[in-house]
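A short worksheet on the structure shown next.
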Amino acid sequence: MKRYSAFAVAREALRGNAGWQRAWGAPEPRPAYDVVIIGAGGHGLATAYYLGKRFGITNVAILEKGWLGGGNTGRNTTIIRSNYLQDASAAIYEKARSLYETLSQDLNYNIMFSPRGVMMLAQTHHEVRGYQRTAFANNLQGVETEFIGPQRVKELCPIIELKGPRYPVMGALWQPRGGTARHDAVAWGYARACSDMGMHIIQQCEVTGVRSEGGKVTGVETTKGPIGCSKLGVVVAGHSGVVAEMAGFRLPIESVPLQALVSEPIKPCMDVVVMANTVHGYMSQSDKGEMVIGGGTDGYNAYTQRGSFHHLEETVRALIETFPMISRLKMLRHWGGIVDVTGDRSPILSKTPVEGVFINCGWGTGGFKAIPGSGWGFAELMAKGHSPLTAEFGLDRFTEGRFIDESVAAGVAH
Ligand SMILES: Cc1cc2nc3c(=O)[nH]c(=O)nc-3n(C[C@H](O)[C@H](O)[C@H](O)COP(=O)(O)OP(=O)(O)OC[C@H]3O[C@@H](n4cnc5c(N)ncnc54)[C@H](O)[C@@H]3O)c2cc1C
C-alpha cells in the first residue's frame with residue numbers, strides 16, 4: 001500500500017486526486033482462516049493488527065455485521081486517560097495511552113491524538129479523598145497525574161464556575177497527557193494496516209452461530225455462509241452476551257444504552273477535557289468547535305442504540321451548572337451506543353469454556369481509550385495463550401471473587 005505523506009498529498013493535488021488507493025479491500029470470505037475475529041470495532045481491528053505485527057499471524061478475517069467502526073468505536077466521545085486506581089487497570093490503560101502517542105506514525109494514518117489534558121473535578125470531600133488516593137496510586141504505577149486545587153482548575157479551564165449552585169469545585173485529578181483522538185480514524189487506521197497485511201475485513205457479514213466439536217471451536221455460521229477457524233476472538237462490545245450464548249456460555253455482563261450529544265460549533269473556549277462526575281456530565285471541544293457532551297448510562301438493559309430523554313436533560317443540566325456560558329448553546333444532534341458493563345467495571349479479556357474461543361468485552365463506558373493496549377494484550381493472549389497485560393482480567397475472577405474494582409474510576413465516567 002502506498003504510504004500517506006505530505007509529498008503524496010501534493011502529488012495527488014496535481015493529479016486531481018485520481019491516484020489514491022482504496023484504504024481496505026472488500027473481499028469475499030474464504031472457507032477458513034487461522035483466526036476469525038467477530039466485530040470490526042477498534043478492539044477487534046487492533047487485535048488483528050497486533051496479531052499480524054507482533055506474531056506474524058495474518059491469515060485472519062474480521063467479520064462485521066454492519067460497517068467497520070459503526071459500533072461504539074464510532075459513537076464515543078473519545079476521552080483518553082489512564083488514571084485508574086488498580087495496578088492491572090493502570091497498566092493496560094497506560095499501555096494504550098502510550099501507544100496512542102505514536103499511533104499515527106505507527107499506522108501511517110493521522111488519528112489526531114490530542115494530549116490536551118483531562119481533569120476530573122472533585123466536588124465533594126469524598127471525591128477529594130478518592131482522587132488524592134488515585135494520584136498517589138498513579139505515582140507508584142508510573143502514570144503521570146496530580147491532584148490540583150481550584151485555582152489551578154480555573155487557570156486551566158477559565159469557563160468553569162467554581163462555586164456551582166449545588167457543589168463547589170474543590171480540586172481535580174489532572175492528567176496532562178490524557179486527551180482525545182479522532183475515533184473513526186482509529187478504526188480506519190487499524191483497518192487499512194490490517195488490509196495491507198493481507199487480512200480480510202468482511203463487512204455486512206453477521207455471525208449467527210458458533211460451531212464447535214468436542215468442546216473446541218471449528219468455525220462460525222454467518223450471513224455469508226460458514227467460515228472455519230481454529231481460534232475465534234469475540235470482540236462485539238454490547239452484543240457480547242448474544243454471541244457468548246451462541247458459543248454456549250454466559251457472561252457476567254449487562255448491556256445498557258449510553259448517549260452523547262454535540263452543540264453547534266463555537267469559537268475555541270476550552271482546550272482541556274473536563275469530567276464532572278458528581279453532577280454527572282463531561283465536556284470537551286472538538287476541532288470543529290462543537291462542544292462534545294456525555295453523561296451516564298440508562299438504568300435498564302436495551303439494544304436500541306438510543307437513550308432516554310431524561311438522561312439527556314440531566315446531563316445538560318449538570319453541565320450548565322459547571323459551565324454556565326453554555327446555557328444558550330443549541331444542541332445539534334445526539335446518539336447512543338450499547339455498552340457492556342461488568343459488576344466491577346473492569347473489562348474481560350479471557351479464554352472461555354470453549355477451547356479456542358477468546359472474549360474481549362466489558363469495556364463499558366470507557367473502552368475507546370483502551371483500544372491499542374487491549375489489542376496489544378488480547379493478540380498476545382490469542383497467539384500465546386497468556387499475556388501479562390490481560391492476566392488479571394480473566395472470567396475466573398468472577399467465580400473466585402477477585403474483582404478489579406474500578407467503580408470510582410470507570411462506573412460513571414469515560
Ligand atoms: C456515547 C458513548 C460515549 C463513550 N465515550 C467514551 C469515551 O469518551 N472514552 C472512552 O474511552 N470510551 C468511551 N465509550 C466507550 C467506547 O466507545 C467503547 O468501549 C469502545 O468503542 C468499544 O469498542 P469495541 O471495538 O469493543 O466495540 P464496537 O466499536 O461496538 O465494535 C463491536 C462491533 O461488533 C459488531 N458486531 C456485534 N455483533 C456482531 C455479530 N453477531 N456479527 C458480526 N459483527 C458483530 C458491531 O456491529 C460492532 O461494529 C463511549 C461509548 C458510547 C456509546
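The values are calculated or read from the model by the stated rules, or taken from the named source; none is laboratory data. Please read these numbers as outputs of a predicted model, since none were measured by experiment. Cβ coordinates were reconstructed from backbone atoms using ideal geometry, including for glycine residues, and neighbour counts include every protein chain displayed.
Details
- The single residue among Arg116, Arg97 that is assigned to a loop (DSSP other than H, G, I, E, B), within 19 Å of the chain's Cα centre (by Cα) and within 16 Å of the ligand (Cβ to nearest atom) turns out to be Arg116.
So that you can scan it fast, the table gives a plain yes or no per residue for (1) modelled with pLDDT under 95; (2) closer than 18 Å to Val236 by Cβ:
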site	(1), (2)
Pro165	yes, no
Pro168	no, no
Ala181	no, no
Gln203	no, yes
Glu206	no, yes
Glu213	no, no
Val217	no, yes
Glu221	no, yes
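- Residues of region 51-92 satisfying the condition of being of a type in the set (Phe, Trp, Tyr) and within 11 Å of the ligand (Cβ to nearest atom): Trp67
- Considering Thr134, Thr47, the condition of being part of a helix (DSSP H, G or I), modelled with pLDDT of 95 or more and over 25 Å from Phe358 (Cβ atoms) is satisfied by Thr134 alone.
- Criterion (in contact (Cβ under 8 Å) with a residue 24 or more places away in the chain, surrounded by 13 or more Cβ atoms within 10 Å (Cβ to Cβ), assigned by TED's automatic domain parsing to the domain that holds Val273 and within 21 Å of Met325 (Cβ to Cβ)) met by exactly one of Glu146, Glu161: Glu161
- Filtered residues of region 348-369 (kept if polar (S, T, N, Q) and either over 18 Å from Pro388 (Cα atoms) or more than 11 Å from the ligand (Cβ to nearest atom) (or both)): Ser350, Thr352, Thr365
- Within region 77-96, none of the residues are among the small types (Gly, Ala, Ser) and without any contact (Cβ under 8 Å) to a residue 40 or more places away in the chain.
- Qualifying positions in region 194-224 - small (Gly, Ala, Ser) and within 22 Å of Ala244 (Cβ to Cβ): Gly209, Ser212, Gly214, Gly215, Gly219
- Residue that is nearest to Ala237 (Cα to Cα) [pool: residues in region 346-390 that are out of contact with any Phe, Trp or Tyr (no Cβ under 9 Å at 6 or more places or on another chain) and surrounded by fewer than 24 Cβ atoms within 10 Å (Cβ to Cβ)]: Gly356
- Region 259-277, subset surrounded by fewer than 20 Cβ atoms within 10 Å (Cβ to Cβ) and of a type outside the set (A, V, I, L, M, F, W, C), residue nearest to the chain's Cα centre (by Cα): Asp271
- Residues that are more than 21 Å from Arg402 (Cβ to Cβ) and more than 8 Å from the ligand (Cβ to nearest atom) were ranked within region 370-379; the one that is farthest from the chain's Cα centre (by Cα) is Ala379.
- Here is the figure for region 236-286: residues that are of a type in the set (S, T, N, Q) and more than 14 Å from the ligand (Cβ to nearest atom) total 2.
- Consider region 216-234 and keep the residues that are outside any strand (DSSP E or B) and away from the ligand (no atom under 11 Å from the Cβ). The one that is surrounded by the fewest Cβ atoms within 10 Å (Cβ to Cβ) is Gly225.
- Summed over region 185-208, residues that are touching a strand residue (DSSP E or B) at 6+ places or on another chain (Cβ under 9 Å) and in a helix (DSSP H, G or I) total 3.
- Whenever a residue of region 41-59 is assigned by TED's automatic domain parsing to the domain that holds Ala96 and within 14 Å of Cys229 (Cβ to Cβ), its partners that are surrounded by fewer than 24 Cβ atoms within 10 Å (Cβ to Cβ) and β-branched (Val, Ile, Thr), lying with C-beta atoms within less than 7 angstrom and at least six residues away or across chains, give the pairs Leu51/Ile57.
- In region 133-148, the residues that are of a type in the set (Val, Ile, Thr) and closer than 8 Å to Asn83 by Cβ: Thr134, Val143, Thr145
- Taken over region 371-403, the criterion of being of a type in the set (Val, Ile, Thr) and either in a helix (DSSP H, G or I) or modelled with pLDDT under 95 (or both) is satisfied by Ile371, Thr399.
- Ala13 away from the ligand (no atom under 15 Å from the Cβ), outside the structural domain of Ser350 (by TED's automatic domain parsing) and surrounded by fewer than 22 Cβ atoms within 10 Å (Cβ to Cβ): yes
- The set of residues in region 142-169 being in a loop (DSSP other than H, G, I, E, B) and under 29 Å from the mean Cα position of the chain (by Cα) consists of Gly142, Val143, Glu144, Thr145, Cys157, Pro158, Ile159, Ile160, Val169.
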